[in-house]
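The values are calculated or read from the model by the stated rules, or taken from the named source; none is laboratory data. Only a predicted model underlies this, so the values are computations on that prediction, with no experimental measurement involved. Please note: Cβ atoms are built from the backbone with ideal geometry, for glycine as well, and neighbour counts cover all protein chains shown. Heads up: the accessible areas ignore ligands, DNA and RNA and are worked out on the full protein's heavy atoms, side chains in. Shrake-Rupley method; radii C 1.70, N 1.55, O 1.52, S 1.80 Å.
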Amino acid sequence: MKTLLKNATIIPMTKEDYFFHGDLVIEDEKIYYVGPSYQGEYDKFVDASSYIALPGFVNAHTHLAMTLMRNYKDSQENLQAWLSEIFPIEDKLNEEDIYYGSLNGVAELIKSGTTTFSDMYFQQWKTVEAVIQSGIRACIGITFFGDADETNRRIETNYSKILKAANNNPLISVHAAPHAIYTCTKETYERVAQFCLENKTYMNTHLSETKKEVDDCINQTGLRPVEYLESINAFSAPAYLAHGVYFDDNELEILKKRNVSVIHNPSSNCKLASGICPIGHYREMGINVALGTDGASSNNNLSMIKEMRLAAMIATVSTMRPASTTPYQILEMATINGARALGLSDKIGSLEVNKEADIVLINKNICEMTPLNNIFSALVFSLPDRAIDSVYCRGRELMRNGKLLTIDEDDVIKNVNRQWEDILRR
Ligand SMILES: [Zn+2]
């Protein structure tokens, strides 16, 4: 089955500031043609002359089912005070909560153009169900808290449940996600690194999110967070780190040597007053920097479009140099750099022949995008979520003309509200 997307404005994300007008052909799950004019046969025709075609966004750090706690207990004194409000709610969550919270999150992701997300949360076999139902792509991080015994228990139970639910679905990768150095022991990180090497997969952890975390780490170990994880060989496995606000140059050298990516979460870092991650400096040091929304209770949305805009704004004001990070570099963070961070860049992140067809069609004929002028500025600074018209993931159409095709949005809203009211009564 071949689908021809005709006369699109195509941004392949293969070369800086490069775009062209042409055709894309999807054959089954892959990109069959991308170029100026396709002359072969096809089964389905889409007039894409009103659209910009872009690789689907990669949200490289979130806690999907936290859509349940959206707009709940905001404006706490600091991260620890906020967590002390959130953890008791999380203790009450059941499988049905996780399923509907995840489905709500997936709906929001697709509607704002995201086709891949990396998740760290609980009972994720239910998130996997939502992923399979919706057709989005996900890296599901088995989440670890506590000591090595608890880690071994979670590998035996939770990992098996996630694998069973995923059932070898090609859209799902399983990663390992120790929560943070202040909630997991040294032995947990050692065990997780061993697990990742054995299973050829990635470690995903929060690191250097706040100044307090760094100070506590230095007080307890004599080392900064990256130095500490390096000292226990945690980076012997491939890894990506959420937040990374406070890395110094020695830590960046270690990350570069170990090929570890940093996931920038500007909304969460602003909202929780964690600090400003100097992404321009990290990039200059040769670090792969990607973008994530964090959970919907510390953001409070999952839109990569809003995240790109904020990332660009902060990069500018924090350096007092508007040119320090360009719109194209922000788009890279939201697409190909995310794919690299998650170990998926051979499959997704750019529009190239033989890559899997994760494609977003963006309507450029709306007032917010008129006149278009610089297309990269338009995408980073003026793009509204409502411009996302159609979304393909692995060749399957998940949204068309702004309407979700695999999720009943009204039904999800009803179910999430019911679950949340029930959680508050428990
Ligand atoms: Zn997080």
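Before moving on, here are some points about what is shown:
- Gln133 vs. criteria at pLDDT 95 or above, closer than 28 Å to Asp389 by Cβ and open to solvent by 40 Å² or more (accessible area, probe 1.4 Å): yes
- Region 201-216, residues that are away from the ligand (no atom under 13 Å from the Cβ) and among the hydroxyl-bearing types (Ser, Thr, Tyr): Thr201, Tyr202
- Residues satisfying the stated conditions in region 338-365, i.e. open to solvent by 20 Å² or more (accessible area, probe 1.4 Å) and not charged (D, E, K, R): Gly343, Ser345, Val353, Asn354, Asn363, Asn365
- Test for Gly292: is it over 21 Å from Leu109 (Cα atoms) and not acidic (Asp, Glu): no
- Single condition Ser173 does not satisfy, out of (1) open to solvent by 10 Å² or more (accessible area, probe 1.4 Å); (2) outside any strand (DSSP E or B); (3) within 30 Å of Ala357 (Cβ to Cβ): (2)
- Selection within region 287-314 - more than 13 Å from the ligand (Cβ to nearest atom) and among the small types (Gly, Ala, Ser): Ala290, Ser303, Ala311, Ala312
- If you go through region 125-150 and pick out every residue that is part of a helix (DSSP H, G or I) and over 30 Å from Thr185 (Cα atoms), you end up with 6.
- Any chance Val192 is closer than 24 Å to Thr221 by Cα, without any contact (Cβ under 8 Å) to a residue 60 or more places away in the chain and hydrophobic (A, V, I, L, M, F, W, C): yes
- Residues located in region 156-170, provided they are closer than 30 Å to Leu79 by Cβ and either open to solvent by less than 20 Å² (accessible area, probe 1.4 Å) or touching a strand residue (DSSP E or B) at 6+ places or on another chain (Cβ under 7 Å) (or both): Asn158, Tyr159, Ile162
- For region 149-160, a residue qualifies if it is touching a Lys or Arg at 6+ places or on another chain (Cβ under 9 Å) and of a type outside the set (Val, Ile, Thr), and exactly one does: Asn152.
- Any hit, region 334-343, residues being hydroxyl-bearing (Ser, Thr, Tyr) and in contact (Cβ under 8 Å) with a residue 60 or more places away in the chain: yes
- In region 57-78, the residues that are within 16 Å of the ligand (Cβ to nearest atom), farther than 15 Å from Asn300 by Cα and buried (at least 21 other Cβ atoms within 10 Å of the Cβ): Val58, Ala60
- Selected residue (criterion: most open to solvent (accessible area, probe 1.4 Å)) from residues of region 178-205 that are under 24 Å from Leu344 (Cα atoms) and among the hydroxyl-bearing types (Ser, Thr, Tyr): Tyr202
- Residue match in region 108-126 (condition: on the phi > 0 side of the Ramachandran plot and either within 16 Å of the ligand (Cβ to nearest atom) or touching a residue at least 60 places away in the same chain (Cβ under 8 Å) (or both)): yes
- Every residue from region 269-286 that is within 16 Å of the ligand (Cβ to nearest atom) and either in contact with a Gly (Cβ under 8 Å, 6 or more places away or on another chain) or not assigned by TED's automatic domain parsing to the domain that holds Asn233 (or both): Asn269, Cys277
- Within region 301-324, the set of residues being modelled with pLDDT under 95 and among the polar types (S, T, N, Q) comprises Thr316, Ser318, Thr319, Ser324.
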